[in-house]
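A short worksheet on the structure shown next.
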Ligand SMILES: [Zn+2]
């Protein structure tokens, strides 16, 4: 067994990541279970929507469990429409939208932890997408902490969300995206999440610019990429 420890701020060689991902998804687990966790509707899409679109093409047998932990009635409806759009080609998908009070996650952490404990009994993930451990938003941070707290022997990738607080760092795992995936991701998000359009940050330029910058960092052939924080890879 080889264990590779990735440290924040240090890039894991992309060829190595490709080998690891290929090993894990195509050979060891041809039908991987992928768990997507987001504190709010639209988090998963913004953080890893392009990677999910790419995975659906490259690993069509993947099975998804998509969990959103909060949302008003309108936002929940948007979340459902969005999952249908992003996972249109998925062989199997399950969605769970919880109703925990937005912005108060650290104060109701016990209830959310109970939800994680239940989740653990319902799905055995091969790959988990969750929030960045050092995300400046308290709800995001709690979901990340509980992910690591609950799933002790799993492959976890932490995605990033641009925001006013300016918490972007140096992710160490980059996923190159085609121009088609970039366009699809942005157009899906912008067309579905109508309730967010009054927010100053919510526009196609925000979403495209971070993908372009991460593409620069990994010399992406298409110029675009999503990036993640990976604490640990075990192969
Ligand atoms: Zn959020």
**Q.** Gain in span if fully extended, residue 199 to residue 57, counting 0.36 nm per residue against the direct Cα distance
**A.** 47.9 nm
Q | Rg in Å to one decimal, and Dmax rounded to a whole Å, for the chain via C-alpha atoms | A | 16.5, 50
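Between residue 217 and residue 104, what is 0.36 nm times their sequence separation minus the Cα-Cα distance? Round to one decimal in nm. Working shown, then result.
Values: separation 113, 0.36 × 113 = 40.68 nm, distance 3.48 nm.
37.2 nm is the gain from fully extending residue 217 to residue 104.
Using alpha-carbon pairs under 8 Å, 6+ residues apart, how would you state the relative contact order of the chain in percent? Please list the in-between numbers first.
Details: 411 pairs, mean separation 65.4, N = 235.
Reported relative contact order: 28 percent.
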Q) At a Förster distance of 25 Å, what's the computed FRET efficiency of residue 81 paired with residue 179, Cβ-Cβ distance as r, to 0.05? A) 0.55
(Q) Ignoring everything except DSSP H segments at least 4 long, calculate the 222 nm mean residue ellipticity for the chain; use -39,500 (n - 2.57) per segment, divide by total residues, nearest 500. (A) -13000 deg cm²/dmol
Q | Relative contact order (%) - the range 44-115, alpha-carbon pairs under 8 angstrom, separation at least six | A | 37 percent
Q) If contacts are Cα pairs under 8 angstrom and at least 6 residues apart, what is the relative contact order of the range 150-235 in percent? A) 47 percent
Q) Which ordering of 220, 70 is given by a fewest-first count of other beta-carbon atoms within 10 Å? A) 220, 70
Q) Given a Förster radius of 41 Å and the C-beta distance between residue 92 and residue 206 as r, what FRET efficiency does 1/(1 + (r/R0)^6) yield to the nearest 0.05? A) 0.80
(Q) Taking the Cα centroid of the range 167-204 and of the range 59-121, what is the distance between the two, rounded to the nearest whole Å? (A) 18 Å
Q. What shape does the range 113-156 take by its C-alpha gyration tensor, where a ≥ b ≥ c are the square roots of the eigenvalues and a/c under 1.5 counts as rounded, a/b above b/c as prolate, and the rest as oblate?
A. oblate
Q) Sorted by mean Cβ packing within 10 Å, highest first, what order do the peptides 45-56, 181-192, 198-209 take? A) 45-56, 181-192, 198-209
Q) For labels at residue 124 and residue 163 in the simple 7 Å Cα→Cβ model, what's the distance in nm? A) 3.4 nm
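Throughout, read-outs are computed from the coordinates displayed, never taken from laboratory work. Computed from a predicted structure; not experimentally measured. Neighbour counts run over all protein chains shown; Cβ positions are idealised from the backbone, glycine included.
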